[in-house]
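The values are calculated or read from the model by the stated rules, or taken from the named source; none is laboratory data. Predicted model only: the values in this text are computed from it and were never measured. All Cβ positions, glycine included, derive from the backbone under ideal geometry; neighbour counts span all protein chains shown.
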Amino acid sequence: MMKPHIALLPCPAMGHVTPMLQLANRLVLIHHCHVTFLHFTAEDDHRPHHLMKLPPSVTVLPLPLADISALTTGDTPLFSRHCITVRETLLRSLKPTLLQHLQQTPQAFITDMFCTQALETCAQLAIPSYILFTTSALFLSFSLFFRDTADNNKASGEFLQLPGGCKPLIIRTADLPLKYNLDDEWYRYHIKRIPKASGILLNTFEELEPEQLRAIGENSFFKEIDTPPIFPIGPLVKETEPVCGRREECIMNWLDKQPSGSVVLVAFGSFGRLCAEQISELAWGLELSQQRFLWVARAEEEKDLPEGFAERTRGTGMVVDSWVPQVRVLGHVSTGAFLSHCGWNSVMESVCNGVPLIAWPLHADQMMNATMIAEEIGVAVKVKVFGREEIGRVVRGVMEGEEGKAVKERVKEVKESALKSLAKGGSSYEALDSLLLQWKQ
Ligand code: BUP
């Protein structure tokens with residue numbers, strides 16, 4: 001029988017490319033599909049580093065980046081430029097690229113949640129299309145509930161009640177990203193296109209968000225707004241990660257020398273930036289906690305570290321600028337906790353490695369993720385008040401205190417259920433397999 005042919009389109013941002021790469025790996029290596037992996041490319045990055053992680057049989061198809069100079073000015077913020085580039089590239093390049101290069105029409109086209117323009121192209125070419133939703137089911141239910149942004153007054157009061165499964169889903173209004181995001185492309189366009197998809201694949205798993213998934217799958221509210229069928233197929237997390245170059249080797253060598261479970265990884269994702277005051281309070285908080293740490297800071301953030309911080313923490317702490325192999329660090333025996341912005345990939349990577357989180361969310365879905373993993377799932381403790389004493393108390397509590405014991409035990413259980421969900425017969429394996437059965441027909 002011919003292998004099913006699946007085309008994948010990630011949004012060009014690290015937190016989105018990574019889960020799509022894992023999906024590609026799984027489709028090829030476990031479910032024996034032929035995969036075409038589309039990617040946004042400038043002339044000088046024809047095959048970016050991360051694509052090297054794909055199995056050699058995957059066809060990599062570059063989408064030439066649109067020239068957006070006529071649509072932007074020097075003042076256009078970086079994030080808006082990014083959104084315009086994605087939109088214009090899809091509108092101008094996707095259809096001709098598919099028509100020119102795809103000899104065999106794919107049985108399915110899976111596009112990132114921020115590339116929903118592709119759903120229209122697929123409809124024109126009669127290709128069944130799906131969305132890969134790269135964050136939680138809770139955020140999907142919230143997004144669908146807020147699909148009509150004219151209904152902002154849905155979010156008054158302390159709590160917001162979303163239609164649920166057995167019980168309603170409760171979200172704190174303080175955790176909503178609305179005030180930052182109402183004008184962005186997600187609320188204006190992408191959510192509204194969701195009903196055009198034949199299904200939504202989610203980077204979560206049944207055992208992690210049972211109520212949230214039941215709500216979207218079964219509650220009449222979501223049916224009435226034409227929510228497509230959902231397929232929780234996560235966690236889509238890298239299984240291994242190479243150590244690249246001398247700098248990363250130094251980091252791993254330092255970790256090798258630390259006692260088991262003694263180091264707090266501190267990282268705020270690919271977009272997270274702290275202001276000068278936050279950097280200073282975090283540094284004092286880490287010192288007060290008296291714990292070992294590995295802190296991924298930016299070069300420009302390091303100038304805001306308190307005077308003498310490097311000397312006082314020499315030997316027990318390491319501040320690195322730019323990037324660490326995060327999954328490898330989380331999998332290292334010396335790592336005992338992860339102080340994180342709670343981007344969904346970071347949450348899943350921590351959980352899959354059995355590492356409890358210290359939640360310091362910054363924006364977007366991160367506040368909701370943080371509350372859910374702390375208060376509902378029980379694998380994290382939240383930093384509630386911004387300041388050195390609270391940071392010191394929470395970090396020390398997770399590493400040494402009673403609170404820490406509870407989250408450490410719970411995260412081990414969740415890790416086990418994550419692994420089970422991915423194995424043959426597990427919920428995520430079967431969800432992906434059920435899609436393959438449809439695609440093979
Ligand atoms: Br920092 C850092 N190394 O040093 P999230 C991050 N990562 O591998 P996002 C590294 O980037 P939003 C580093 O493992 C994860 O896969 C990390 O994704 C990797 O946050 C990814 O956690 C970060 O989803 O923000 O994308 O930065 O919340 O907006 O998705």
Scanning for something within 27 Å of residue 271 (Cα to Cα) and surrounded by 13 or more Cβ atoms within 10 Å (Cβ to Cβ), does segment 96-104 turn up at least one residue? no
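Answer yes if at least one residue in segment 331-342 is among the hydrophobic types (A, V, I, L, M, F, W, C), in a loop (DSSP other than H, G, I, E, B), within 18 Å of residue 381 (Cβ to Cβ) and within 11 Å of the ligand (Cβ to nearest atom), and no otherwise. Full working, then the answer.
Keep residues of segment 331-342 that are among the hydrophobic types (A, V, I, L, M, F, W, C), which gives 333, 337-339, 342.
In the following step, the residues that additionally are in a loop (DSSP other than H, G, I, E, B) were identified as 333, 342.
Checking the rest, the ones that are also within 18 Å of residue 381 (Cβ to Cβ) come to 342.
Filter once more, so that each one left must be within 11 Å of the ligand (Cβ to nearest atom): 342.
The answer is yes, given that some residue of segment 331-342 is among the hydrophobic types (A, V, I, L, M, F, W, C), in a loop (DSSP other than H, G, I, E, B), within 18 Å of residue 381 (Cβ to Cβ) and within 11 Å of the ligand (Cβ to nearest atom).
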Pick out the one residue from 293, 271, 231 that is among the aromatic types (Phe, Trp, Tyr) and at pLDDT below 95. 271
Restricting to segment 354-373, what's the tally of residues that are more than 9 Å from the ligand (Cβ to nearest atom) and touching a helix residue (DSSP H, G or I) at 6+ places or on another chain (Cβ under 7 Å)? 11
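Taking residue 211, is it part of a loop (DSSP other than H, G, I, E, B), of a type outside the set (Ser, Thr, Tyr) and away from the ligand (no atom under 16 Å from the Cβ)? Write out each step before concluding.
Values: part of a loop (DSSP other than H, G, I, E, B): no; of a type outside the set (Ser, Thr, Tyr): yes; away from the ligand (no atom under 16 Å from the Cβ): yes.
Taking the combined requirement at face value, the residue does not satisfy it.
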Give all pairs with beta carbons closer than 6 Å in which a residue from segment 65-89 that is among the hydrophobic types (A, V, I, L, M, F, W, C) meets a residue that is loosely packed, with under 11 Cβ neighbours inside 10 Å; count only pairs at least 6 apart in sequence or on separate chains. none
Residues satisfying the stated conditions in segment 295-320, i.e. within 22 Å of the chain's Cα centre (by Cα) and more than 10 Å from the ligand (Cβ to nearest atom): 295
When you check residue 270 against the structure, is it under 23 Å from the mean Cα position of the chain (by Cα), surrounded by fewer than 19 Cβ atoms within 10 Å (Cβ to Cβ) and within 10 Å of the ligand (Cβ to nearest atom), yes or no? yes
So, in segment 280-294, exactly how many residues are within 16 Å of the ligand (Cβ to nearest atom) and in contact with a strand residue (DSSP E or B) (Cβ under 7 Å, 6 or more places away or on another chain)? 2
Could you tell me which of the residues 440, 408 is within 23 Å of the chain's Cα centre (by Cα) and either touching a residue at least 40 places away in the same chain (Cβ under 8 Å) or crowded, with 19+ Cβ neighbours inside 10 Å (or both)? 408
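Listed here are the residues, each with its yes/no results for (1) free of Cβ contacts under 8 Å to residues at least 12 places away in the same chain; (2) closer than 19 Å to residue 375 by Cβ; (3) more than 19 Å from the chain's Cα centre (by Cα).
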| site | (1), (2), (3) |
| --- | --- |
| 171 | no, yes, yes |
| 185 | no, no, no |
| 195 | no, no, yes |
| 217 | no, no, yes |
Here is a list of conditions, (1) more than 16 Å from the ligand (Cβ to nearest atom); (2) in contact (Cβ under 8 Å) with a residue 12 or more places away in the chain, and residue 351 meets all of them except one; can you say which number that is? (1)
Pairs with Cβ under 6 Å, 6+ apart, first in segment 288-317 and surrounded by 14 or more Cβ atoms within 10 Å (Cβ to Cβ), second assigned to a loop (DSSP other than H, G, I, E, B) and not β-branched (Val, Ile, Thr): 292/258; 292/262
Residue check, residue 324 among the β-branched types (Val, Ile, Thr) and modelled with pLDDT of 95 or more: no
When you scan segment 341-399, how many residues do you find that are closer than 18 Å to residue 177 by Cβ, surrounded by 23 or more Cβ atoms within 10 Å (Cβ to Cβ) and among the polar types (S, T, N, Q)? 4
